[in-house]
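Input: a single structure, listed below in structure tokens.
The values are calculated or read from the model by the stated rules, or taken from the named source; none is laboratory data. Please read all numbers here as calculations on a predicted model, not as lab measurements. All Cβ positions, even for glycine, are placed from backbone atoms using ideal geometry, and neighbour counts span all protein chains on display. SASA here: full protein model, heavy atoms, side chains in, ligands and nucleic acids out. Shrake-Rupley method; radii C 1.70, N 1.55, O 1.52, S 1.80 Å.
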Amino acid sequence: MADEEALKQEITAAEETVQSSAAKTVSSGEVDSDEPEFLQNVIYVGVRMRLDQISEISTVDQSYTVHGLLELDWLASEEEKQRDAASSSANPYKPDPPCFWPAFQNTVEFSTIKEDWEISDDKWNVHSIWFKGKFTESFEVQNFPFDVQDMTFVFFVENYMKRVILVPYREQGQTFQLNRTYLSIQDWDIVHNDANFRAIDWGMARTGKPSAPWMEVPGDYASTVFFRVQARRKSYAFSVRILFWMFMLSLITFGQAGMDATDIEGRLAYSIGLVFAVVAFQIIIGDSLPSVPYLTLVDRYNILVFLLIIGCMFEALIVGWKEDGLVADAFDWWFYAILFPLYVVFHIGGVIYIKRKIVEEDEKIGDTLESTQDIQPSFMNVSSEQATANYVIPHHKWE
């Protein structure tokens, strides 16, 4: 406990130092000579992303395709201002980048549509990138089709934090914007978006051991921004097309009770037909979901319907094997007299359970980045306090 508390105090001190340094640097361009030496040479790069279109969200591929604009800004030097003044259409201005070319980490496909450089307000280098990209993330579909998904855009610079630190955009409230006019998605509701700034421990990625706090070893950490969009799936269509008919299929199973108890052949044929229908539904469900190592709500319900049918098949074999029709009818009557109330209670309990799961999914909306998703190992265990020094730089009143 003492070690954990000491680590938290170190991280807090680091946050205060970098916040203070960022506020001074971005407002005046000057550095404080009393600060750690590496902070005197750090370039603070403001980041802004605007999503103009979300054209596709694929649950099966665990991917999402967007069009957007990414802007980076940093203080321009006097030499760069002179170059900008001397630029022309034939010789456009292009500043010296403060870092290696920025990149998104979780892309499947990425293409740059247009790039532009300028000096804004006679002070800021602004690098604008219009892009189209297909991104991927592990979808959490335990509660499908009532799920809320995080769609994260992980942006980082290849320089470590001893050279570059990413900070929010200089205009307050514009670090991450979402244009809802052309979303082009019919089966999702966009419910939240935010930007999360983190210091990612790349040293741990190399060695498997947590690094010291980033203020001590900035060369082991990379400044990263997690742009996050949260979307709630519209469950009505799937519920009507699949869940409702699966419920009707389970209800039809009780039609077997109206058949002669000794008619084994007829009852088995009836049940086998229902089994084929359940298998067909499972194929449809499988085509709607990624390959995951757990059962979703729909999977579990489909399995229970399957077990109900199998149970009725075994009951048909047992009562049909009896030669005495009166004994078979009595057993059959009591079997369904007990089974049907249990069936009703199960479905009432199931509705309550689903409502609880929907509330559980809704609680993800706006929650912290670490608590709403299972961040992949490639993200360097950002959820671990020992592996990651988190820093959150507030919106400064930048000049």
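Among the residues of segment 85-113, just one is part of a strand (DSSP E or B) and touching a Leu at 6+ places or on another chain (Cβ under 9 Å), namely Phe104.
Looking for something free of Cβ contacts under 8 Å to residues at least 12 places away in the same chain, within 26 Å of Asp329 (Cβ to Cβ), of a type in the set (D, E, K, R) and not in a helix (DSSP H, G or I) - is there at least one such residue anywhere in segment 256-264? Yes, segment 256-264 has at least one match.
Scanning segment 184-207 for residues that are open to solvent by less than 30 Å² (accessible area, probe 1.4 Å) and out of contact with any Phe, Trp or Tyr (no Cβ under 8 Å at 6 or more places or on another chain) turns up Ile185, Trp188, Ile190. When Gln82 is tested against (1) assigned to a loop (DSSP other than H, G, I, E, B); (2) more than 28 Å from the chain's Cα centre (by Cα), only condition (1) is not met. Every test in (1) of a type in the set (D, E, K, R); (2) open to solvent by less than 30 Å² (accessible area, probe 1.4 Å); (3) modelled with pLDDT of 90 or more is passed by Glu137 save one, and that test is (3).
The set of residues from segment 246-299 being in contact with a helix residue (DSSP H, G or I) (Cβ under 7 Å, 6 or more places away or on another chain) and among the hydroxyl-bearing types (Ser, Thr, Tyr) comprises Ser250, Thr253, Thr262, Tyr270, Ser271. Counted as qualifying within segment 114-224 are the strands (runs of 3 or more DSSP E) with 3 or more residues that are farther than 30 Å from Lys81 by Cβ and of a type in the set (Val, Ile, Thr), namely 148-156, 188-201. Looking only at residues of segment 165-183 that are of a type in the set (Ser, Thr, Tyr) and open to solvent by less than 50 Å² (accessible area, probe 1.4 Å), we find that the one that is nearest to the chain's Cα centre (by Cα) is Thr175. Please verify whether Glu370 is open to solvent by less than 50 Å² (accessible area, probe 1.4 Å), under 30 Å from Ala231 (Cβ atoms), at pLDDT below 90 and assigned to a helix (DSSP H, G or I), treating the condition exactly as stated. Taking the combined requirement at face value, the residue satisfies it.
What about Glu363, is it at pLDDT 90 or above and open to solvent by 40 Å² or more (accessible area, probe 1.4 Å)? Criteria met by Glu363. When residues in segment 132-181 are screened for being farther than 27 Å from Glu109 by Cβ and basic (Lys, Arg), 3 of them pass. Summed over segment 316-352, residues that are surrounded by 12 or more Cβ atoms within 10 Å (Cβ to Cβ) and either at pLDDT 90 or above or among the basic types (Lys, Arg) (or both) total 9. For segment 215-234, name all the residues that are open to solvent by less than 30 Å² (accessible area, probe 1.4 Å) and within 27 Å of Gly366 (Cα to Cα). The answer is Tyr221, Ala222, Ser223, Thr224, Val225, Phe226, Phe227, Arg228, Val229, Gln230, Ala231, Arg233.
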